[in-house]
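Worksheet for the structure shown next.
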Amino acid sequence: MVNILFYNTYPIDPEHGGTERVTDLVAHYLKSIGYTIYYLVRVDMGKSLENADIRTFFLPDSARGDSPENISFLDQLLEKLQIDILINQDVWNDDVYLCKHKVLTTETKIVSTIHTSIDSGFRNFNELCKLEYSWSSPVLSTRSLLRRIRLPYFKKRIYRLKKKKMNFMYRYTDTVVVLSPQYIDEFEELIGISSSSKIVAIPNPLTFSNIEVRTMDQKEDCILFVGRLSYPEKRVDRLLYIWHKIQNRLPGWKLELVGDGKERRDLEILAEKLGLNNVFFHGYQSPLAYYAKAKIVSLVSNFEGFNMFILEGMQNGCVPISFSSFAAVTDAITDGVNGYLIEPFDLDAYADKLYELASNPSLLSKMQSNAVRAVEQYSIEKIGPKWLGLFQSLLNK
């Protein structure tokens, strides 16, 4: 019997977000083969968990992950539940300093899982920190201007902080799990090591099963985006500008955006200012019905980890198009074969390829079959054994 404790800042609710959905899927896979699984959460969102089949514990101090109270609580919980492996699913927050051997006295093996790229936008830092302003009141603030002037300082400071955190994680963790073999190289380069056996690549599994893929003839003339409407990472404003370039050439097509966030109102105002037609903001929804009807999924982010939206779209027979702004995107998309990759951040080139896809039914059908086959490797039946292999190696040390 192997006892596993998954830690996350927020409740591991598959409806909350990608990390939570993936965590819940992996946890239930392990539970189905006889592992005993528990969840540990810092922030209680107030949602009832009475009917959950995996027991959730909450840290006593929701404000600070590595507070003395939380450290003592976690040490006692690990001993009480006889946890063999603790998996931290939220290492970017300061919770990285809680789930580590430096502060815990336990013999439990500790795994840190990184759900984004290690680079996290450094290659595109200028884009990440572009001047922001509201489309409802497009006046640059003094704060934004000062931020632009101080950009080189910010970049160095953030790099130092990230390197410090990753060094700490590597030193006091038994294993660091990243989403792509390419991120192993990024991690090693960041902290100045080479060929470390402590860093392992395990991609996220697909979270939907038993999908009946519709042919392109059964789908609607729809381009889809699913995700947070967040400026720094997702940059959905780019997609609106791209649509503005081609909308008149694609009569009958529509652009649908599923997701919510603090930028939604500004994006809606931008769509009005650009005079966009057939653009629909649906807010937060379960995406499966939208995947089923869409022909194309579109990503325009500054950076991602291993974007579940792209994988889920491909699984549902949608053809992807994305900027090649993060390394792992090439793990799923082969340019010109099962989708298109565009050099960051050439909006004209993106618009041309998007139009080419939408206006060529035979190309869409050919790429669709390639896309569906490409993501078969990410089923839980393929990814689950990778976790089992990791656990076996940890427990045999």
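Can you give me the number of residues within segment 367-387 that are without any contact (Cβ under 8 Å) to a residue 40 or more places away in the chain and in contact with a helix residue (DSSP H, G or I) (Cβ under 8 Å, 6 or more places away or on another chain)?
So the count comes out to 1.
How many of the residues making up segment 1-35 are of a type in the set (Ser, Thr, Tyr), surrounded by fewer than 16 Cβ atoms within 10 Å (Cβ to Cβ) and closer than 18 Å to Phe58 by Cα?
Taking segment 1-35 first, the residues of a type in the set (Ser, Thr, Tyr) are 7, 9-10, 19, 23, 29, 32, 35.
In the following step, the residues that additionally are surrounded by fewer than 16 Cβ atoms within 10 Å (Cβ to Cβ) were identified as 32.
Now narrow it down to the ones that are closer than 18 Å to Phe58 by Cα: none.
Residues that pass the stated criteria total 0.
All but one of (1) farther than 11 Å from Pro11 by Cβ; (2) open to solvent by 20 Å² or more (accessible area, probe 1.4 Å) hold for Phe58, so report the exception by its number.
So Phe58 meets the others, but not (1).
Can you list residue pairs whose Cβ atoms sit under 6 Å apart, with the first residue in segment 319-337 being farther than 19 Å from Lys295 by Cα and of a type in the set (Ser, Thr, Tyr) and the second being open to solvent by 10 Å² or more (accessible area, probe 1.4 Å) and modelled with pLDDT under 95? Count only pairs 6 or more apart in sequence or on different chains.
The qualifying pairs are Ser325/Asn124; Ser325/Phe303; Ser325/Pro344.
Tally the residues that are crowded, with 19+ Cβ neighbours inside 10 Å and not in a loop (DSSP other than H, G, I, E, B), restricting the search to segment 171-181.
Of the residues in segment 171-181, 4 are crowded, with 19+ Cβ neighbours inside 10 Å and not in a loop (DSSP other than H, G, I, E, B).
Could you look through segment 295-323, keep only residues that are at pLDDT below 95 and of a type in the set (S, T, N, Q), and pick out the one that is nearest to Val236 (Cα to Cα)?
The qualifying residue nearest to Val236 (Cα to Cα) is Ser301.
Does segment 237-260 hold any residues that are of a type in the set (Gly, Ala, Ser) and crowded, with 17+ Cβ neighbours inside 10 Å, and which are they?
Within segment 237-260, Gly259 is the sole residue that qualifies.
For segment 60-91, which positions are basic (Lys, Arg) and assigned to a helix (DSSP H, G or I)? Spell out how you get there, then give the answer.
Residues of segment 60-91 that are basic (Lys, Arg), as a first pass: 64, 80.
The answer is Lys80, and nothing else.
How do the pairs read when you match residues in segment 351-366 that are within 12 Å of Thr215 (Cβ to Cβ) with residues anywhere that are in a loop (DSSP other than H, G, I, E, B), using Cβ under 8 Å and keeping only pairs 6 or more apart or on different chains?
Between residues of segment 351-366 that are within 12 Å of Thr215 (Cβ to Cβ) and residues that are in a loop (DSSP other than H, G, I, E, B), the close pairs are Leu364/Lys295; Ser365/Thr215.
Which of the residues spanning segment 324-335 are in contact with a Ser or Thr (Cβ under 8 Å, 6 or more places away or on another chain) and part of a helix (DSSP H, G or I)?
Val329, Thr330, Asp331 - these are the residues of segment 324-335 that are in contact with a Ser or Thr (Cβ under 8 Å, 6 or more places away or on another chain) and part of a helix (DSSP H, G or I).
Can you confirm whether segment 271-291 contains a residue that is in contact with a helix residue (DSSP H, G or I) (Cβ under 8 Å, 6 or more places away or on another chain), open to solvent by less than 20 Å² (accessible area, probe 1.4 Å) and farther than 27 Å from Pro14 by Cβ?
Yes, segment 271-291 has at least one match.
If you go through segment 295-310, how many residues are more than 18 Å from Arg373 (Cα to Cα), of a type in the set (S, T, N, Q) and open to solvent by 10 Å² or more (accessible area, probe 1.4 Å)?
Taking segment 295-310 and keeping what is more than 18 Å from Arg373 (Cα to Cα), we get 298-305.
Imposing the further condition that a residue be of a type in the set (S, T, N, Q) reduces the set to 298, 301-302.
Applying the additional criterion that residues be open to solvent by 10 Å² or more (accessible area, probe 1.4 Å) yields none.
Total satisfying the criteria: 0.
Being farther than 30 Å from Thr173 by Cβ, under 20 Å from the mean Cα position of the chain (by Cα) and at pLDDT 95 or above narrows it down to one residue among Leu341, Leu354; which is it? Walk me through how you get there before you give the answer.
Working: Leu354 fails: under 20 Å from the mean Cα position of the chain (by Cα).
None of the others qualify; the one that does is Leu341.
So which helices (runs of 4 or more DSSP H) stay within segment 208-291 end to end and still have 1 or more residues that are modelled with pLDDT under 95 and more than 21 Å from Glu304 (Cβ to Cβ)? Even if it seems obvious, please write down each step before you answer.
Numbers: elements: 231-234, 236-246, 264-273.
Once the helices (runs of 4 or more DSSP H) in segment 208-291 are filtered for at least 1 residues that are modelled with pLDDT under 95 and more than 21 Å from Glu304 (Cβ to Cβ), what remains is 264-273.
Rundown of residues vs (1) of a type in the set (Lys, Arg); (2) touching a residue at least 60 places away in the same chain (Cβ under 8 Å), yes/no style:
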residue	(1), (2)
Arg42	yes, no
Ile54	no, no
Pro60	no, no
Arg64	yes, no
Ser67	no, no
Asn70	no, no
Asp75	no, no
Asp84	no, yes
Asn93	no, yes
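Of the numbered conditions (1) in contact with a Cys (Cβ under 9 Å, 6 or more places away or on another chain); (2) farther than 25 Å from Gln182 by Cα; (3) surrounded by fewer than 23 Cβ atoms within 10 Å (Cβ to Cβ), Leu224 satisfies every one except a single condition; which is it?
Result: Leu224 fails condition (3) only.
Which is under 17 Å from the mean Cα position of the chain (by Cα), modelled with pLDDT under 80 and surrounded by fewer than 20 Cβ atoms within 10 Å (Cβ to Cβ), of Phe122, Phe154?
On the way: Phe154 fails: under 17 Å from the mean Cα position of the chain (by Cα).
Going through Phe122, Phe154 in turn, just one is under 17 Å from the mean Cα position of the chain (by Cα), modelled with pLDDT under 80 and surrounded by fewer than 20 Cβ atoms within 10 Å (Cβ to Cβ): Phe122.
Within segment 182-207, how many residues are assigned to a loop (DSSP other than H, G, I, E, B) and touching a residue at least 24 places away in the same chain (Cβ under 8 Å)?
Restricting attention to segment 182-207, the residues satisfying the condition of being assigned to a loop (DSSP other than H, G, I, E, B) are 192-198, 202-207.
Still in the running and touching a residue at least 24 places away in the same chain (Cβ under 8 Å): 196, 198, 202-207.
Counting residues in segment 182-207 that are assigned to a loop (DSSP other than H, G, I, E, B) and touching a residue at least 24 places away in the same chain (Cβ under 8 Å) gives 8.
The values are calculated or read from the model by the stated rules, or taken from the named source; none is laboratory data. Keep in mind that what you see is a predicted model, and the values were worked out from it rather than measured. Here Cβ is always computed from backbone atoms with ideal geometry, including for glycine, and neighbour counts include all displayed protein chains. The area values use the complete protein model at the heavy-atom level, side chains included, leaving out ligands, DNA and RNA. Shrake-Rupley method; radii C 1.70, N 1.55, O 1.52, S 1.80 Å.
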